[in-house]
Each structure stands twice: as structure tokens, then as C-alpha cells.
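Undergrad: Sharing a structure with you now.
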Protein chains: 2
Amino acid sequence: MNSSAPPAPDDRAAATRLSILEVAEGLFRSLGYQKTTVADIARELGMSPANVYRFFPSKSAINEAIAARLLEGITQELEAIAARPGPAAERLRAMLRLLHARHLALFFRERRMHDMVTAAMSEHWGVIAAFIARIEAAMARVLAEGAARGEFAPHDPAVAARLLKQATLAWTHPVLIADALGKRAMDEARMAGELDEMLDLLLRGLRPNTDD
Amino acid sequence: MNSSAPPAPDDRAAATRLSILEVAEGLFRSLGYQKTTVADIARELGMSPANVYRFFPSKSAINEAIAARLLEGITQELEAIAARPGPAAERLRAMLRLLHARHLALFFRERRMHDMVTAAMSEHWGVIAAFIARIEAAMARVLAEGAARGEFAPHDPAVAARLLKQATLAWTHPVLIADALGKRAMDEARMAGELDEMLDLLLRGLRPNTDD
């Protein structure tokens, strides 16, 4: 096959889908999710709204695909940390710190993105649930490795992964981050310091103990 | 002094305040917080609204006093557990289970109370903050006792108390309880089971370790 052959129809469709997502994400960031219409997205791409609707049935479906792409990026960063060599405890700490940092950026530094993510959380819980499941699976792999090496006491890695996620919700859940920065008047440095204290306690809880 | 002497003006004022709170709480439970007016409360007491306003400047102030009274009850139950004899770990477990059970009842079994508590959380954060501070102080006393007896490794009890509270927010924060029962389709028995798993991990983390 000649590499300069015209792209197959599937490739062209994928490229158009990608352009729609990139233009839509740019508009959501500049105008805001609520104010952007499918007509705005179509105009920016030089196509008709009907053509955009051939690829995505609604603005909400475009948002779902953008959220999935954004969470895919975070998931890949976390999976790369999970696959590193070195102590399991250090990798888990790095993963939960990264998760906190990315959530902080998503919900609080980029105000325009906030609406988009909030809409995804209420309309597309499936995308969020899949993201949580993949993060928990990556943590469970590191936990199982740590137990196999004797770094941690024997335990159920799937249960422990869920507990690590639940125990650190104050640093990843948008409502709780908002409470901390608002009502509890925390600053970001103190929040990160408290997350480290929490991780110290949780990782101590996973260590083998002479009583076991 | 004769015990049948008429009550002092301060006692009478305190009794009137208490009647207002009891009647208001009854109406909030039956009609709902939003639908109850100060005029409804006054009518039920056979007094004028102006008289109610002599004691409380607004319906919101009545709600604040009811929330404080309700949280006072929970605080006293928790302080009673903290003051018990026996292993510190068991008392901390009992305290956090009770806190979960009371929050579940408050937010989900008594639908009418939900509005009242939500209003208190947004309008009277001071009352909630004072409640959290007293719970943390009670847990810190148990933690310090546990460390003094060698049941726990040496640690800062105030920090550890805050971490226990943060790690169990999924079982006490109204938004997170709603997520668990709604989006994650948990039932109450499974939620209680997961809380126990979390407490196992946290209490293991507090134990003295041969490495220390």
C-alpha cells in the first residue's frame, strides 16, 4: 500500500470528530460551557450545525467525549507512575498527589472548565465511574506488588485501593476541595501537607506488623 | 428560699426560648423548614410574632439554635463514648460508627430535617465548625490516652483526630453519603461494612510498629 493514498473514510471521520472536540474544548474554555452553542462550534469549523450533529447528537455528547479525553490523559499519567520500578508506597503517594493536583487545577484554576466538569459529573456519571474504576485498578496493581514483596501486609488489593481513594476524597472531590479552600480557609500548601500526613497514616496501616 | 417562689425573669425567658425552639422544630419536621413562617410558630404558641422576635431576630436564628441543640445531643453521645473505659481503638470505632449512623438518620431518614440542616450548613457554618471542633477534641483525648498506654505509636493527637475525620468523610458528609446511596447504589449495610474496613486500616496505621 502506498502511504500517500487518500485516508480511509473511517480515518477521515475520526479526524473530523477530533477537530470538533478540539474546537469545542477551546470554545468551552474561552466562552464557557453554558454559553457555547453547537452553532458556534460549527461556525468555527466552517461546517454546518447539521454536519456536527452527524458526529455528536448534542452539545452534552460533545462534552462527554471531551471529559473522557481529559480523564484519559490523567489516567495515563497515573498508570505510568503505577508501572514505574521502586517502592510501592512511593508510587501510591505519587499517584494520590498527582490526582489531587490535577483535580485542584481542573476545578479551581480553570474556572471555565468547572462548569464543563460539573455538567459531566451530573449528566455522564458513566465516564466518571469508568475513570474511578481505572484509577482503583492501577492502585490495586501497585498494592498487590507491594504485598507480594512483603512491603505491605497481605490484604485484598481491590478493597485497599478503594479505601485509599475514599480516605483522600477531601483532596479530590470538588465539593470537599471547595469546602477546604472556602469554609476551612485552607491554602493549597497546607492542603498538600495534610494529604501527606494522611498518606503517612494510610501507608503505615498497610505495612506488615509483627502481630500479623 | 422557698421552692414555690415564682421563677426569676431569666428562668422564664429561658423557658420561653425553649418552647419556641420545640414548637419550631415540630413545625420544621411536619411542614418543612422552608414552608414554616415565624407567624406559624407564634400562632402555635398563642403569642404574637413580635413576641417571638423578642427572643430570635429571624427564622434563620431559630434554625441556628435548633441545629446547635441537635448537634449538642450528638456531641454528648460521642463524649460519653470517649469517656468510657476500655481500649482506645474500640472507643474510636464506636464514635465514628455513631457519627455515621446519626448523619445517615439526619440527612436521609428524616427528609424534612434535611432542608433545615442544609440551611444551617450554608448560613451558620460557625455552629457546624464548633461541632466538628468538639468531636475532634473528644477523639484527640482518646488518641492521647491510647498513645500513653502504648496501644498506639506516639503521634500528635490533634493531627490524628483530624485525619480520622477526613478519612471517614464519605460516611458523614451529606454530599458524599448522597453520592454513595445514589450514584454508587450502595445500601446502608454495605456502607457500614466499608466504614469498618476503613477503620481497620486507620487503626492499624496508629498501632506501634517494631520499626518505630
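The values are calculated or read from the model by the stated rules, or taken from the named source; none is laboratory data. All values reported here derive from a predicted model rather than from experimental measurement. Here the Cβ is made from the backbone with ideal geometry for all residues, glycine too, and neighbour counts use every protein chain on show.
Undergrad: Residues of region A:97-149 being closer than 20 Å to residue A:58 by Cα and among the aliphatic types (A, V, I, L, M), which ones?
TA: So in region A:97-149, the residues closer than 20 Å to residue A:58 by Cα come out as A:112-128.
The answer is A:113, A:116, A:117, A:119, A:120, A:121, A:127, A:128.
Undergrad: Which one is surrounded by the fewest Cβ atoms within 10 Å (Cβ to Cβ) among residues in region B:191-212 that are in a loop (DSSP other than H, G, I, E, B) and in contact (Cβ under 8 Å) with a residue 40 or more places away in the chain?
TA: The qualifying residue surrounded by the fewest Cβ atoms within 10 Å (Cβ to Cβ) is B:212.
Undergrad: Would you check which residues across region A:158-190 are over 24 Å from residue A:138 (Cα atoms) and either part of a helix (DSSP H, G or I) or facing chain B (nearest Cβ under 7 Å) (or both) and list them?
TA: A:175, A:178, A:179, A:180, A:181, A:183, A:188, A:189, A:190, listed by residue number.
Undergrad: Something else about it: Under 7 Å between Cβ atoms, at least 6 apart or on separate chains: pull out the pairs that start in region A:102-113 with a residue that is under 12 Å from residue A:33 (Cα atoms) and assigned to a helix (DSSP H, G or I) and end on any residue that is of a type in the set (D, E, K, R) and modelled with pLDDT of 70 or more.
TA: A:112/A:29; A:113/A:29
Undergrad: Among the residues in region A:138-151, are any out of contact with any Leu (no Cβ under 6 Å at 6 or more places or on another chain) and within 11 Å of chain B (Cβ to nearest Cβ)?
TA: Among the residues of region A:138-151, not one is out of contact with any Leu (no Cβ under 6 Å at 6 or more places or on another chain) and within 11 Å of chain B (Cβ to nearest Cβ), which makes the answer no.
Undergrad: Determine which member of the set B:30, B:60 is surrounded by fewer than 18 Cβ atoms within 10 Å (Cβ to Cβ), touching an Asp or Glu at 6+ places or on another chain (Cβ under 8 Å) and at negative phi.
TA: Numbers: B:30 fails: touching an Asp or Glu at 6+ places or on another chain (Cβ under 8 Å).
Of the residues listed, the single one that is surrounded by fewer than 18 Cβ atoms within 10 Å (Cβ to Cβ), touching an Asp or Glu at 6+ places or on another chain (Cβ under 8 Å) and at negative phi is B:60.
Undergrad: On to the next question. So, residue A:73, is that one within 30 Å of residue A:161 (Cβ to Cβ) and not in a helix (DSSP H, G or I) or not?
TA: no
Undergrad: So, residue B:88, is that one among the small types (Gly, Ala, Ser) and either in contact with a Gly (Cβ under 6 Å, 6 or more places away or on another chain) or within 18 Å of residue B:40 (Cα to Cα) (or both) or not?
TA: yes
Undergrad: Let me ask something additional. Please work out which one of (1) farther than 30 Å from residue A:172 by Cα; (2) modelled with pLDDT of 95 or more is the condition residue A:13 fails and give its number.
TA: So the condition that residue A:13 fails would be (2).
Undergrad: Follow-up question, since we're still on this one. Taking only pairs six or more apart or across chains, which ones have beta-carbon atoms under 9 Å, a first residue in region A:169-186 that is over 19 Å from residue A:115 (Cβ atoms), and a second residue that is outside any loop (DSSP other than H, G, I, E, B) and of a type in the set (Phe, Trp, Tyr)?
TA: Note: pairs meeting the criteria are A:180/A:171; A:183/B:125.
Undergrad: In region A:115-168, what count of residues is obtained for those that are without any contact (Cβ under 8 Å) to a residue 24 or more places away in the chain, among the polar types (S, T, N, Q) and surrounded by fewer than 17 Cβ atoms within 10 Å (Cβ to Cβ)?
TA: 1
Undergrad: Further question on the same structure: Report the residue count in region A:94-143 for those that are farther than 19 Å from residue A:76 by Cβ and modelled with pLDDT of 95 or more.
TA: 1
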